[in-house]
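The values are calculated or read from the model by the stated rules, or taken from the named source; none is laboratory data. All of these numbers come straight from a predicted model, not from anything done at the bench. We place every Cβ from the backbone using ideal geometry, glycine too, and count neighbours over all the protein chains shown.
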Amino acid sequence: MTSTPLTSETNLQQKLVPKILEAEGPSRSKFAARRPSNHLWLILTWLVLLVVPFVASNAYVISLANMALINLILIASLNLLMGFGGQISLGHAGFFGLGAYASGILNVKLGLTAWLGLPAAALIAATAALVIGLPALRLRGHYLSMATLGWNAILVVLFNQLVDLTGGPNGLLGVQSFSVAGIRLDTELRAFPLVWLASLLVMLAILNLLGSRLGRALRAVATNELGADAIGIDSFRTKLLFFVISAGMAGIAGSLYVHVNQYASPETFGISGSILLIVMVAIGGSGTYWGPLLGALIYTAVPQLLLDYEDAELMLFGLGMLFVLIVFPGGLASVPAAVMGRFEPKERL
Amino acid sequence: MTATLLQVEDLFCHFDGVTAVADLCFSVRAGEIKAVIGPNGAGKSTLFNMIAGVIRPSAGQIKFDGERIDHLPTFQRARRGVARTFQNLQIFRDMSVLENVMVGRHMRSAAGVAQAIMHGPALCAEERAIAATAIDLLDRFGLADKAQSKAGTLSFGQLKMLELTRALACEPRLLLLDEPAAGLPHAATDRMGEIISGLNRDGMTVLLVEHNMRMVMSLSHDVLVLNNGRRIAEGTADEVRRHPEVLAAYLGEAEDA
């Protein structure tokens, strides 16, 4: 195998560049072969998920599956920003709500179809993130957390107070569902394929982003900003880009949520929701690709299992989360590696 | 007559009344290895950080290839061709060794968000080219068999080599080395010296700050000696070695060198 000429990457600065990079290379096939495994696992997992409507005993179970997949979009997009990018947003539920209300209001007040509401929701949430991120991400430290916390608080007030638009505390009613070829996706079963596909596409987008030069830059900025600067990475723009992408994905989740449930109310999108999403990122495994899947599962299923305990529900939920994070600080996604590590000899340094 | 690649003019740096660098002028010609030496506190690191963009000069100019860069942030200087290593290593420890070098190709590749998400043939081709370049570099510096290991598992010496490899992945025109021999055992220091002179033979311009006199004297075409933030001598290794002010700065005024 011969080395690939650099000109295929870029023609920048060819004139004075020393010829240090043109040495003959070793065989590279063993490195190249590693890539597709996560893609394969993703497709396989989603194929398995396809059986849910067939084995589910009733609409309630399918509705939980829909909710879990929407929650997955939220948790995975927050994980992209927080787990891989090291930037903590305390307003992710706010972007979720902004997407839901944007798509819902466009539908109820202007008669826009859900298919246009979905990209509009993504765009509006992403634009809001851009406006917040421009000042907040210029400063190092916790400014993004503080700005997004304030942002979420403002949004909840707006959702409650703009009664003419949002329906106020009673919620936004009369939102139409998605429809395909004249068929309304207005039952749990009919909505499932859409949510299934959307969550697959978002997971695929995240996987591809992480494997690209942009994903590498993001992780570099998160682990060592000084080192990232030194190799020509614009830390500010990298963080801003992923904050905007992450918020846009939350907007997509919001649009799906409002059209699948045909309803939205302010308490779904509060600060406690944002905090719970962060906890779910941590529980699943912050900075791991598969962690959010576990986080979404727990976020959706555990409250249902604890319904019988009524007042104790929230307390049990909290205790469970504490337990997981104390025993497995790397989140549930780290459990297999931690268990295997007990039986395998440690790699010598 | 070779071209001047880096030019420093009337450079000052004050910290709260302390003058770290004062009235400094020097230049680095394309294709040479220039060393900056001096006793502790001479202002070497401050100078180095001003050139790399970590510290802003209080006054004066830094020109790279004729263009003023002293007002630019670090990443902009890197994009113009100034790459550096760090004395205390700034490695992406959670990323693999291969990824550490691949990320060094960031500014030499172009894929945007849409291309990254769509993962089309053009992107795959670019990714393959990035990986190929990175593996070639790792192979050249003896790290190819560690490519898939997490960078955090490498030894100190390997990390130094990895950081140099990452800097070279940027295809710099000027390589800034902050104490490349610090912390390395004897044999590794010699190897590092051979690598630096090898890079220089291939055309790389190098500016290095170093305490190891043996390395400085054997490598450098030109040595700049600082003391108390000022230039006290500049010239070839032999000239500098015999310079009375240099001897005084290193060994003390009263002693007979």
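Can A:R190 be described as of a type in the set (K, R), modelled with pLDDT under 90 and in a helix (DSSP H, G or I)? Here the answer is yes, as A:R190 does meet what is asked. Residues that are more than 7 Å from chain A (Cβ to nearest Cβ) and among the small types (G, A, S) within the range B:126-142 comprise B:A134, B:G142, listed in sequence order. Looking only at the range B:56-86, residues that are of a type in the set (S, T, Y) and either surrounded by 18 or more Cβ atoms within 10 Å (Cβ to Cβ) or in contact with a Pro (Cβ under 9 Å, 6 or more places away or on another chain) (or both) come to 2 in all.
Yes/no per residue for (1) among the charged types (D, E, K, R); (2) out of contact with any His (no Cβ under 9 Å at 6 or more places or on another chain); (3) in the same structural domain as B:E234 (by TED's automatic domain parsing):
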site	(1), (2), (3)
B:E9	yes, yes, yes
B:F12	no, yes, yes
B:G17	no, yes, yes
B:V21	no, no, yes
B:L24	no, yes, yes
B:V28	no, yes, yes
B:T46	no, yes, yes
B:I51	no, yes, yes
B:I55	no, yes, yes
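Listed by position, the helices (runs of 4 or more DSSP H) inside the range B:73-149 whose residues that are free of Cβ contacts under 8 Å to residues at least 24 places away in the same chain number at least 2 are B:74-80, B:113-118, B:121-140.
Of all residues in the range B:152-177, those that are more than 9 Å from chain A (Cβ to nearest Cβ) have Cβ atoms under 7 Å from Cβ atoms of residues that are in a helix (DSSP H, G or I) and charged (D, E, K, R), 6 or more apart or on another chain, in B:Q158/B:K146.
The set of residues in the range A:283-304 being more than 27 Å from A:N38 (Cα to Cα) and either modelled with pLDDT of 90 or more or outside any helix (DSSP H, G or I) (or both) is empty. Return a yes/no flag: does the range B:124-136 have any residue that is buried (at least 20 other Cβ atoms within 10 Å of the Cβ), under 20 Å from the mean Cα position of the chain (by Cα), at pLDDT 90 or above and not acidic (D, E). Scanning the range B:124-136, I find at least one residue that is buried (at least 20 other Cβ atoms within 10 Å of the Cβ), under 20 Å from the mean Cα position of the chain (by Cα), at pLDDT 90 or above and not acidic (D, E), so the answer is yes.
Just the residues that are among the aromatic types (F, W, Y), without any contact (Cβ under 8 Å) to a residue 12 or more places away in the chain and part of a helix (DSSP H, G or I), please, taken from the range A:305-342. It would help to see each step written out before you state the result.
At the first step, the residues of the range A:305-342 found to be among the aromatic types (F, W, Y) are A:309, A:317, A:323, A:328.
Now restrict to residues that are without any contact (Cβ under 8 Å) to a residue 12 or more places away in the chain: A:309, A:323, A:328.
Once the filter is applied, which keeps residues that are among the aromatic types (F, W, Y), without any contact (Cβ under 8 Å) to a residue 12 or more places away in the chain and part of a helix (DSSP H, G or I), the range A:305-342 yields A:Y309, A:F323.
Picking from residues in the range B:218-232 that are surrounded by 18 or more Cβ atoms within 10 Å (Cβ to Cβ) and polar (S, T, N, Q), the one that is nearest to B:E245 (Cα to Cα) is B:N227.
Would you say B:L6 is within 14 Å of chain A (Cβ to nearest Cβ) and part of a strand (DSSP E or B)? Break it down stepwise before answering.
Numbers: within 14 Å of chain A (Cβ to nearest Cβ): yes; part of a strand (DSSP E or B): yes.
Yes.
Just to verify a result, which residue in the range B:87-104, among those that are at the interface with chain A (Cβ under 7 Å from one of its Cβ atoms) and out of contact with any Leu (no Cβ under 8 Å at 6 or more places or on another chain), is surrounded by the most Cβ atoms within 10 Å (Cβ to Cβ)? Selected residue: B:V103.
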